[in-house]
Amino acid sequence: MAQAARLAGSRVIATENTIICAAPLLCLVLLGHFRPAASYHHKPVSPSAPARRLLSPASKTSPGPPIPSSLLEPGPAGSWDSTDALNPSVVRFEGRYLNFYSGFDGQTWRTGLATSGDGLAWEKHPANPLFGPDRPWEGDYIAANGATVVRADQILHWHQAGPRNQTRIGSGHTSDGLAWERAPELVLGHGPVGSWDESAKAL
């Protein structure tokens, strides 16, 4: 079913696969953010699927120097991020970019760090992974997929953890991106029975 909205006096009609708009500039903005609902469905990764990596929004027609299409590759076989290197949470801290990303080895999701001076050339930190699921409530599947902010001289981070399909939210903070003080207990759990978030929380 088509949905209609009025923005800045222009009529916009959005269907599952099409946007029709009377204002070209507005259309360009919308096309940058519009995504069919079907594209949000998560598809399980098969063991034989190729490793996934962090990609840049590179374009052959973009001005300036070429941008690599892949900014962060999965690690070598047997490493903590050998299967996937995904879900970046990037902050600028003390003159450089810190990328707290999620790595997967086929069994467990953990959180690692890559650093960059320009946001394009990234270097994985040798101390990786920074942390994984090691709290009693976290289980052994995931402590990753985080959201990060900088407040004064501290980096605050929230991540999802817990059994598969039953994740909740944990937190931690650091003054250098490496030595983490993680909350011993979850900070956001499941909702009551019958609520929209009774089964899991995710970031």
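At-a-glance table
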| item | result |
| --- | --- |
| Estimated inter-spin distance, A147 and D176, nm [label 7 Å along Cα→Cβ] | 2.9 |
| Protection proxy ranking, peptides 103-115, 76-88, average beta carbon neighbours within 10 Å, highest first | 103-115, 76-88 |
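The numbers here are math on the coordinates, done by the rules we state, and not lab data. Keep in mind the model is a prediction, meaning the values are calculated, not measured. As a convention, Cβ positions derive from the backbone with ideal geometry for all residues, glycine included, and neighbour counts pool all protein chains shown.
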